[in-house]
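The values are calculated or read from the model by the stated rules, or taken from the named source; none is laboratory data. If you're wondering where the values come from, they're calculated on a predicted model, not measured in any experiment. Positions of Cβ are generated from backbone atoms using ideal geometry, with glycine treated the same way; all protein chains shown enter the neighbour counts.
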Amino acid sequence: MERAAEHQHIRYNPLRDDWVLVSAHRMKRPWQGQVEKPVQEDVPRHDPSNPLCPGATRANGKVNPEYESTFVFDNDFPALEPDAPEPDVGDHPLFQSASAQGVWAPEHWVCSHRTSPPSPSKVMCFHPWSDMTLPLMALPEIRAVIDKWAELAVELGATYPWVQIFENKGAMMGCSNPHPHCQVWASNFLPNEARLEDRTQREHLQAHGQPLLLEYGRLEAQRKERLVVENTDWLVVVPYWAVWPFQTLLLPRRHVTRLQDLSTDERDSLASIMKRLLTKYDNLFEVSFPYSMGWHGAPTGPHLGEDCGHWLLHAHYYPPLLRSASVRKFMVGYEMLAQAQRDLTPEQAAQRLRSLPEEHYRTRAGATP
C-alpha cells in the first residue's frame, strides 16, 4: 500500500492559522509551461556603474568609499517617509485607511532611524564584490552581516514597533541589482504577517504552556524526517506546512525572541548554518538559488517593555524553483482563489536538500568563487 502522504491531503499551519493542499502526485505530470531563461552567473566582480560597488558614484553625486566589508550609507531616494501626513480615515467601515509611517526602501536598501531627528534610509551591502553571495562568503564575513542586522534591529527597534529584515535574491524574485544586499523596512504598525504570528503564538502559549515554535522545533529535531541541517544552536527544517517547494524554516534551539539577543556563540553558529543551508540550495540545481528570506521576531518600540515570551526568533526562506533551475512554482489559479497548494511533500523536499553535499558546486568544479 502506498503511503497516504503521497496522495493529496491538507496540512494545518498553526503559525498562520490556515491550511495547505499537498498534491505530490502532480509532480508526475509532464511540464509544457513556462521555462525561465538560464540564470547568468557571469556577474562582474566590480562595475563602476553599479551604485553599490566600492568607489562608484551614486545618483546624488556622492562617491562610495573603497569598503572591504559590510557598507551602510544613506538612501538617496527614500520611498516611505517617517513624517508622512495623516490620511483621511474614511467615512465608512468598508473604506478605511490609517497612518503608515516609517522608513522603507526598495531592493538593496537598508533603512535606519533615530528618535530625533529621523535619519534617512540606509543602504547595506554584504560584501564589496558583486559576484559574491552569502554561501560563497567566508564565515567571518557572514558573521559581519549578522552583527550588522542585529545593530540595525536595535537602532530601528528603539522607536518602531516592527523592523523587517529581508533579502530578495535573484532576478526571479524581483531583484534588479546582483550586488549582495538586503532590505530593512521599519514601520509604525505591525504588518499583517507579524500581527498574525503574534496572535497564533500567543494563543498557543496560553493553551499549551510553551512557545509554539520552540515546541515545534524540539519535535522536528526528534523526528528528523523534515530536518535539513542542524548544529548546537540552530536547526533548519522544511516545515510540515510548507507552501513553496523547498521552503525552509530556521529556528534557534534556545528560547530567544529577537535577533539582537543572540549570544556570540549563537551568532557564530548562525553564520555556519546559513552557509550550509544556502550551499545546499545552490547545489540542488547547480545555480545561484533565488529566494526571498526574512527574520521574524518579537515586536519592538513600544513593545520592548511587554512580555513577548510567546515569540521565538525565526527566519523564513521562500525559494520559487520547483523542478529545475528553469522551472518555478507559480502561485496562481487555485492558490490565489482557494488556498495554497504544493506539488511535493515537505518530507520529499527535506530529503532532497538533506542529501546534497555541503561543498559548493562551484568549489567542487574547481572554479574560483
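Laid out as a table, the results:
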| quantity | calculated |
| --- | --- |
| Conditions (1) within 15 Å of the chain's Cα centre (by Cα); (2) without any contact (Cβ under 8 Å) to a residue 60 or more places away in the chain; (3) surrounded by fewer than 20 Cβ atoms within 10 Å (Cβ to Cβ): number failed by residue 180 | (3) |
| Any pair with Cβ under 8 angstrom, 6 or more apart, that starts in segment 27-56 at a residue that is surrounded by 14 or more Cβ atoms within 10 Å (Cβ to Cβ) and modelled with pLDDT of 80 or more and ends at one that is part of a loop (DSSP other than H, G, I, E, B) and of a type in the set (Phe, Trp, Tyr) | 46/129; 54/67 |
| Subset of segment 130-146 (residues that are assigned to a helix (DSSP H, G or I), in contact with a Lys or Arg (Cβ under 8 Å, 6 or more places away or on another chain) and surrounded by fewer than 20 Cβ atoms within 10 Å (Cβ to Cβ)) | 139, 143, 146 |
| Strands (runs of 3 or more DSSP E) lying entirely in segment 223-297 (those with 1 or more residues that are without any contact (Cβ under 8 Å) to a residue 60 or more places away in the chain, farther than 16 Å from residue 142 by Cβ and not hydrophobic (A, V, I, L, M, F, W, C)) | 227-230 |
| Only listed residue being within 18 Å of residue 125 (Cα to Cα) and either in a helix (DSSP H, G or I) or in contact with an Asp or Glu (Cβ under 8 Å, 6 or more places away or on another chain) (or both), chosen from 193, 151 | 151 |
| Residue count for segment 199-229, restricted to those that are touching a strand residue (DSSP E or B) at 6+ places or on another chain (Cβ under 7 Å) and either closer than 20 Å to residue 356 by Cα or surrounded by fewer than 21 Cβ atoms within 10 Å (Cβ to Cβ) (or both) | 6 |
| All positions within segment 315-339 that are in a strand (DSSP E or B) and aromatic (Phe, Trp, Tyr) | 317, 318 |
| Residue 251 buried (at least 21 other Cβ atoms within 10 Å of the Cβ), touching a strand residue (DSSP E or B) at 6+ places or on another chain (Cβ under 6 Å) and not β-branched (Val, Ile, Thr) | yes |
| Count of segment 304-314 residues which are surrounded by 23 or more Cβ atoms within 10 Å (Cβ to Cβ) and part of a strand (DSSP E or B) | 0 |
